[in-house]
1. Kindly provide the set of residues from the range 174-190 that are hydroxyl-bearing (Ser, Thr, Tyr) and either without any contact (Cβ under 8 Å) to a residue 60 or more places away in the chain or crowded, with 22+ Cβ neighbours inside 10 Å (or both), ordered by number.
2. Among the residues of the range 194-202, is any at pLDDT 95 or above, out of contact with any Pro (no Cβ under 8 Å at 6 or more places or on another chain) and farther than 16 Å from Glu345 by Cβ?
3. Please verify whether the range 27-48 includes one or more residues that are over 23 Å from Tyr234 (Cβ atoms), without any contact (Cβ under 8 Å) to a residue 12 or more places away in the chain and polar (S, T, N, Q).
4. Out of curiosity, is Tyr10 at pLDDT below 95 and among the aromatic types (Phe, Trp, Tyr)?
5. Is at least one residue of the range 236-245 within 18 Å of His33 (Cβ to Cβ) and in contact with a Leu (Cβ under 7 Å, 6 or more places away or on another chain)?
6. Hey, Pro343 hits all of (1) in contact with a strand residue (DSSP E or B) (Cβ under 7 Å, 6 or more places away or on another chain); (2) without any contact (Cβ under 8 Å) to a residue 24 or more places away in the chain but one; which does it fall short on?
7. Return yes or no: is Lys116 within 24 Å of Asp47 (Cβ to Cβ) and not acidic (Asp, Glu)?
8. Just wondering, is there one or more residues in the range 341-348 that are closer than 30 Å to Asp64 by Cα, touching a Leu at 6+ places or on another chain (Cβ under 6 Å) and of a type outside the set (Ser, Thr, Tyr)?
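The values are calculated or read from the model by the stated rules, or taken from the named source; none is laboratory data. This one's a predicted model, so the numbers in the text were calculated from it and none came from an experiment. Here the Cβ positions follow ideal geometry from the backbone for every residue, glycine too, while neighbour counts run over all protein chains shown.
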Amino acid sequence: MNYELILVRYGEMTLKKKNYKTFLKQMNDNIKHKLKVFNGLKYFSTDYRFYIYLNGVDYNLVIDKLNEIPGLYSYSLCKEVGKDFDEISNISIDLLKDELNNKNKTFKVETNRGDKRFPYTSIQISQEVAKRVLPNVSGLSVDVHNPDVVLHIDLRCEGTYVYLNEIKGLGGYPSGIGGSGILMMSGGLDSPVAGFLTMKKGVNLKAIHYFSPPYTSLNALQKVVDLLQVICKYNNLESIELYIVPFTKVQDRIHEKANNTYMVTLMRRAMYKIASSICNRDNISVIVNGESIGQVASQTLESMKVVNEVTNVPIIRPLATYDKEEIIDIARKIKTYDISIRPYEDCCTVFVPEHPIIKPNIDLVKKEEDKCDMSSLIDEAINETKVISLNATNKYSVFDDDKIEI
């Protein structure tokens, strides 16, 4: 079937009231920005639908791009027809013949009568179209409860649209509507998934990585870069800034001075102090990480509470209640899994004790922290942090950047 129109439905943002127009403008701008790589597309929008006229552009390529846009509920390849039963029924017959290809299948008709000027109810329209279609499509029978195929008729003031399939979108809110955050990127499975889920809620992200040469390699840093270049396509700007923090001196000091069982807790507190300082300096609203409750020693509720104590910047943990298999499923879906499992260690695996404390006491933690006297080292790490800009299209190699030393 030759399609020339894609009908796009907005998602969760339609629940907004007074600020819906702001969400709508951002959503429409994001769609046009994402699809600007195609020549010839034309657009038309209303408060509840966005229409893409293809003008010969391959609809598969357009759908691939729509799959990367947060805030969209679903979209369909459709046919635009007049508001009369003959036109609706004739195009419905063509669509069903093409879909069935002489195979026996069941169907039903669902009508959304948005245009109340049409002089029939939704049920009456569905019944009339089904009555006209059924004798004209070989192998077709009716099943209103569990059909193989659903014929959709969307009657709206701007036009009448007929389609068979709905492609599920990412959902969430339009990118850029929810402020800014900084994603703590380790290079493992969890942090890029947490970043993706946060972007789905409209938050534009920067990222921060704690780089510990010679304990961690440029290969580990490149892994982080590659992961960010995958997920930044879900950002409306299709780019992301990465803060690379030199963390070796901080880790060495903790390893040298502190009780070994507190190593992970003190390291995490230092990370949050650095991230918080950057947030306050650069007007970033929240810190985002990939922690999941109880997954490792640093992710017990007691550990999280002790770590949270060092910052007044809100911490978002999108994966807090996710199981590992759920996280892996999303990682595979967004194409980060194969990168995340590359065998290069990040700073979180350096000097990890065999039995880290899992229920740290805040007073004892502070005593261990005082022994390390890290304030000047943390300030130094912040001052020496390097920022690189990444985007979804141009491959970035840390091996070619002479500003990154190891």
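1. Here is the first cut: in the range 174-190, the ones hydroxyl-bearing (Ser, Thr, Tyr) are 175, 180, 186.
The answer is Ser175, Ser186.
2. Taking every residue of the range 194-202 in turn, at least one turns out to be at pLDDT 95 or above, out of contact with any Pro (no Cβ under 8 Å at 6 or more places or on another chain) and farther than 16 Å from Glu345 by Cβ.
3. For the range 27-48, residues over 23 Å from Tyr234 (Cβ atoms), without any contact (Cβ under 8 Å) to a residue 12 or more places away in the chain and polar (S, T, N, Q): absent.
4. Working: at pLDDT below 95: yes; among the aromatic types (Phe, Trp, Tyr): yes.
So Tyr10 fits the description; yes.
5. Step one: list which residues in the range 236-245 are within 18 Å of His33 (Cβ to Cβ), which gives 236-240.
With the extra rule that they be in contact with a Leu (Cβ under 7 Å, 6 or more places away or on another chain), the set shrinks to 239-240.
Within the range 236-245 (the criterion being within 18 Å of His33 (Cβ to Cβ) and in contact with a Leu (Cβ under 7 Å, 6 or more places away or on another chain)), the answer is yes, since at least one residue qualifies.
6. (1)
7. Numbers: within 24 Å of Asp47 (Cβ to Cβ): yes; not acidic (Asp, Glu): yes.
In short, yes.
8. Scanning the range 341-348 turns up no residue that is closer than 30 Å to Asp64 by Cα, touching a Leu at 6+ places or on another chain (Cβ under 6 Å) and of a type outside the set (Ser, Thr, Tyr).
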